[in-house]
Amino acid sequence: MTAYEPPSVRGADKGGQDVAYDAVVLAGGAARRLCGADKPGLRVGGRALLDRVLAACADAGTTVVVADPRPTARPVTWAREAPPGGGPVAALDAGLRHTTAEQVVVLSADLPFLDEGTIRRLLAALRASGADGALLTDADGRDQPLVAAYRAPVLRRELAALTPGHDGLTGLPLRRLTGALDLTRVSDPVASFDCDTWDDIATARARIREHGHVLDEWISAVKDELGVDLDVDTKVLLDLARDAAHGVARPAAPLTTFLVGYAAAQAKHGGGGPEAVAEASRKAAALALRWAEEAAAKSDAALDTRPDAE
């Protein structure tokens with residue numbers, strides 16, 4: 001696995017962002033290598049693995065999770081293969097029945113570093129290649145068919161062809177489906193990293209704290225936890241916190257940034273978006289500067305009145 005980059009750094013390519021798609025997330029596996037632990041619910045960076053994957057496909061028209069229902073940070077449609085535990089092909093078929101888009105992103109629920117940029121790249125590769133699907137390859141060049149974008153009609157056709165010849169889809173390996181498809185590949189050793197073992201979980205938890213990216217991960221986690229879908233200029237807010245701390249008092253920093261957020265949410269113009277945050281930050285920063293200037297002027301005046309000032 002190569003160096004990890006947080007969501008604000010990765011995914012800068014906007015190709016494919018306007019492509020309508022649905023998403024199917026397979027989250028009902030047995031997690032045998034994790035001793036049967038609830039893998040989708042395991043947390044990396046304070047967020048459940050499933051919630052991290054759902055954040056990556058937030059632009060999907062419909063997101064179907066194939067598993068038993070559970071609380072999630074984002075609304076989803078639930079589905080289940082029959083019988084439960086019937087394997088990835090049966091699970092994909094169950095999820096696909098709830099989708100309508102011509103393109104569908106198929107994901108496993110154990111991808112801690114997946115982001116929206118990766119989804120856009122897969123969709124862009126699918127569109128540009130004319131292939132049946134576009135999938136990621138991992139650091140060793142291996143195909144990852146559960147981090148992929150497919151043409152939904154092709155998947156339905158191949159699933160229908162498999163069903164009568166195998167007395168249903170239960171127990172079929174995924175390669176029986178993908179082996180018949182024309183696939184293009186996108187290399188991404190970071191986004192394709194999945195968590196199959198406890199060592200993988202430990203690696204993922206450590207990686208998000210490396211290379212100075214903790215703040216970006218933390219902001220993403222807070223936004224997900226609070227249901228906030230807003231991109232703002234982090235540097236502007238950090239500069240504001242610094243100015244308030246230096247120009248007023250250290251406790252003013254968190255209180256000021258809170259009030260800026262509240263003011264932006266209440267703004268009549270801008271609707272609480274990035275522009276409203278920027279405007280409120282500008283006003284608060286100017287106020288903090290005036291406080292600092294007054295304090296500096298007071299200090300200068302005090303120096304001028306000392307007995308030895310003349």
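The values are calculated or read from the model by the stated rules, or taken from the named source; none is laboratory data. As the structure is a prediction and not an experimental result, all values here were calculated from the model. As a convention, Cβ positions derive from the backbone with ideal geometry for all residues, glycine included, and neighbour counts pool all protein chains shown. Heads up: the accessible areas ignore ligands, DNA and RNA and are worked out on the full protein's heavy atoms, side chains in. Shrake-Rupley method; radii C 1.70, N 1.55, O 1.52, S 1.80 Å.
Skip the ligands, DNA and RNA, and give the accessible area per residue of the chain with a 1.4 Å probe, whole Å².
Values: 16310 Å² over 310 residues.
About 53 Å² of surface per residue is accessible.
Largest GNM mean-square fluctuation across 248, 214, 24, computed for the chain with C-alpha springs under 10 Å, falls on 248.
Coupling constants for region 197-207 follow from the phi torsions by the Karplus curve (6.51 cos²θ - 1.76 cosθ + 1.60, θ = phi - 60°), and in residue order they are 10, 5, 5, 4, 4, 4, 5, 4, 5, 6, 4 Hz; glycine and proline get x.
Report the extension gain between residue 160 and residue 282 in nm, rounded to one decimal, defined as 0.36 nm multiplied by the number of residues separating them, less their alpha carbon distance.
38.0 nm
Ranking 154, 171, 252 by Cα position along the charge dipole of the chain, where only Lys, Arg, Asp and Glu carry charges on their C-beta atoms, puts 171 farthest toward the positive end.
Projecting label points 7 angstrom from Cα along Cα→Cβ for residue 196 and residue 228 puts them 3.8 nm apart.
Under the simplified labelling scheme, the residue 246-residue 142 pair shows an inter-label distance of 5.1 nm, with each label point 7 Å from Cα along Cα→Cβ.
Using 0.36 nm per residue, how much length does the chain from residue 43 to residue 74 gain when fully extended, once their Cα-Cα distance is taken away? It would help to have the intermediate numbers written out before the result.
Working: separation 31, 0.36 × 31 = 11.16 nm, distance 1.59 nm.
This chain segment gains 9.6 nm when fully extended.
Given a Förster distance of 25 Å, report the FRET efficiency between residue 255 and residue 205 from their Cβ-Cβ distance, rounded to the nearest 0.05. Kindly include the intermediate steps, with their values, before the conclusion.
On the way: r = 32 Å, r/R0 = 1.26.
Plugging the Cβ-Cβ distance into 1/(1 + (r/R0)^6) gives 0.20.
Loop-resident trypsin sites (Lys or Arg not before Pro) (DSSP state other than H, G, I, E or B) in region 184-281 with no more than 15 further Cβ atoms inside 10 Å of their Cβ: 209, 268. Here the chain carries DSSP beta bridges of which approximately 40% are antiparallel, counting only pairs with both residues inside.
What you get for region 129-236, charging only the Cβ of Lys and Arg (+1) and of Asp and Glu (-1), is a dipole of about 400 debye around the Cα centre.
Take 129, 192 and sort them by solvent-accessible surface of the protein heavy atoms, 1.4 Å probe, largest at the top.
Numbers: 129 60, 192 5 Å².
From most exposed to least exposed: 129, 192.
When P(r) over Cα pairs in 20 Å bins from 0, in percent is computed from the coordinates, the matching label among [x] 35, 59, 7, 0; [y] 32, 56, 11, 1, 0; [z] 29, 46, 18, 6, 1, 0 is [z]. Between residue 180 and residue 215, the simple label model (points 7 Å from Cα in the Cβ direction) yields a spacing of 5.2 nm. Axis angle, to the nearest 10 degrees, between helix 274-304 and the longest C-alpha principal axis of the chain: 30 degrees.
What you get for the chain, charging only the Cβ of Lys and Arg (+1) and of Asp and Glu (-1), is a dipole of about 680 debye around the Cα centre.
As a fraction of the 1.4 Å probe accessible area of the chain, surface on carbon and sulfur atoms comes out at 53 percent.
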